[in-house]
Amino acid sequence: MTPDRDGCQRVCADLRRHQHIAVTSHVRPDGDSLGSSLALAWALQALGKDARVVMRDPAPVPLNEFPGAGEIETAPRVPDGTDAVVVLECGDLARTGLEGLDTAHVINVDHHPGNSGFGAVQWFDGSAAACAEMVFEIIVALGVPITADMATQMLVAIVTDTGSFRYAGVSPRTFSTSARLLEAGADPVAVARKLYDGNTLGRLRLQGAVLRTLELFEAGRLATLHLDAETMAATGADPEETDGLINLPLSVKAIQSVVFFKQDEQGEHGEYRVSFRSKGDIDVGAVARGFGGGGHKNAAGCTLTGTLDAVRAQVFERLLPTVARRAAAPGAGA
């Protein structure tokens, strides 16, 4: 898909018209949503705008190691007096978890398939491997010099949203953008160490507990993991430290897809955050969207309510045929 250059210019023109701007993204923010939001807010501040990052949920613990983490405001709604709200990588307004956006002037910037087209101004670019690639273009188009902090946050965004450059969608643009971020002062070694080598002992215990739940299906091509509230509490880990655990089984050559069922609420009929990862042509994004969730072809998620067995049965009904079709395709050996 060719990037929508006109969309970038529309966004820039609209940003120049407003003074008091909030930047936000989806609930349970990740590296791309936070890094992109902070970099864009700093660029707007450089233009003399009153710009701030407002999220419904706090940043995951590992991401607090990067510049600007203390500037993120956690609130149920954007502040009064906000002229415009930039919503990054959300398929619809509800994904932000913030109140009052239905009457706000919203600028919609997204790279996920299935965006509903909300907002007064929209720029959708499905060719971007991370929203940070789009934010990078916005900052350049605004004529703002990229600082080392901006570069660092956008590199964090790209590294995390591409699974360290392993997911579908990575393109020459991804690497050319990353190269320019390094030239602007981002340190890839420091970013990698903070992201992957700063775990707590609780995280290590959590990793072991989750891996003990590993089950295989479809002749070993599909793996599942699960985590309940009791196990979470026993490990002493932070809830945010579950991030990345789903990727562990994908290191096995034969495993083509992984589903991680994480219980968000205690009780037999709790709410489960269901995360999907896959390799190659297995489109878990389509499966997640079928349950009202979203994401990319190889990385997606949704929320379902019920017992673990009931939730897993719902997911398997839609996912197993997809995995089976991929296994039957020519040249689809492990």
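Scanning for something among the small types (Gly, Ala, Ser) and in contact with a strand residue (DSSP E or B) (Cβ under 9 Å, 6 or more places away or on another chain), does the range 258-277 turn up at least one residue? Break it down stepwise before answering.
Our first condition is that a residue be among the small types (Gly, Ala, Ser); within the range 258-277, this holds for 267, 270, 275.
The next check asks that each one be in contact with a strand residue (DSSP E or B) (Cβ under 9 Å, 6 or more places away or on another chain); those that pass are 270, 275.
Yes; the residues of the range 258-277 include at least one that is among the small types (Gly, Ala, Ser) and in contact with a strand residue (DSSP E or B) (Cβ under 9 Å, 6 or more places away or on another chain).
Are any residues in the range 279-304 out of contact with any helix residue (DSSP H, G or I) (no Cβ under 8 Å at 6 or more places or on another chain) and either surrounded by 18 or more Cβ atoms within 10 Å (Cβ to Cβ) or not in a strand (DSSP E or B) (or both), and if so, which ones? Gly285, Ala288, Arg289, Gly292, Gly293 - these are the residues of the range 279-304 that are out of contact with any helix residue (DSSP H, G or I) (no Cβ under 8 Å at 6 or more places or on another chain) and either surrounded by 18 or more Cβ atoms within 10 Å (Cβ to Cβ) or not in a strand (DSSP E or B) (or both).
Residues checked against (1) of a type in the set (Ser, Thr, Tyr); (2) more than 29 Å from Val189 (Cβ to Cβ); (3) free of Cβ contacts under 8 Å to residues at least 12 places away in the same chain:
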{"residue": "Gln122", "(1), (2), (3)": "no, yes, no"}
{"residue": "Ala128", "(1), (2), (3)": "no, no, no"}
{"residue": "Cys131", "(1), (2), (3)": "no, no, no"}
{"residue": "Val135", "(1), (2), (3)": "no, no, no"}
{"residue": "Val140", "(1), (2), (3)": "no, no, yes"}
{"residue": "Thr147", "(1), (2), (3)": "yes, no, no"}
{"residue": "Met150", "(1), (2), (3)": "no, no, no"}
{"residue": "Leu155", "(1), (2), (3)": "no, no, no"}
{"residue": "Ile158", "(1), (2), (3)": "no, no, no"}
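Against the criterion of being at pLDDT below 90 and farther than 28 Å from Ser116 by Cβ, Glu241 qualifies. May I ask you to say which residue of Asp161, Asp187, Asp149, Asp197 is surrounded by fewer than 19 Cβ atoms within 10 Å (Cβ to Cβ), modelled with pLDDT under 95, out of contact with any strand residue (DSSP E or B) (no Cβ under 6 Å at 6 or more places or on another chain) and not hydroxyl-bearing (Ser, Thr, Tyr)? Being surrounded by fewer than 19 Cβ atoms within 10 Å (Cβ to Cβ), modelled with pLDDT under 95, out of contact with any strand residue (DSSP E or B) (no Cβ under 6 Å at 6 or more places or on another chain) and not hydroxyl-bearing (Ser, Thr, Tyr) holds for just one of Asp161, Asp187, Asp149, Asp197, which is Asp197.
Cβ-Cβ contacts under 7 Å between residues 6 or more apart (or on different chains), taken from a first residue in the range 314-334 that is farther than 17 Å from Asn298 by Cα and at pLDDT 85 or above to a second residue that is among the polar types (S, T, N, Q) and not in a loop (DSSP other than H, G, I, E, B), are absent. Scanning the range 223-256 for residues that are buried (at least 20 other Cβ atoms within 10 Å of the Cβ) and under 18 Å from the mean Cα position of the chain (by Cα) yields Glu241, Thr242, Asp243, Leu245, Ile246. When Ser33 is tested against (1) in a strand (DSSP E or B); (2) among the small types (Gly, Ala, Ser); (3) touching a His at 6+ places or on another chain (Cβ under 9 Å), only condition (1) is not met.
The values are calculated or read from the model by the stated rules, or taken from the named source; none is laboratory data. What you see is a predicted model, and the numbers here were worked out from it, not measured in a lab. When we count neighbours, we look across all protein chains shown, and the Cβ atoms used for this are built from the backbone with ideal geometry, even at glycine.
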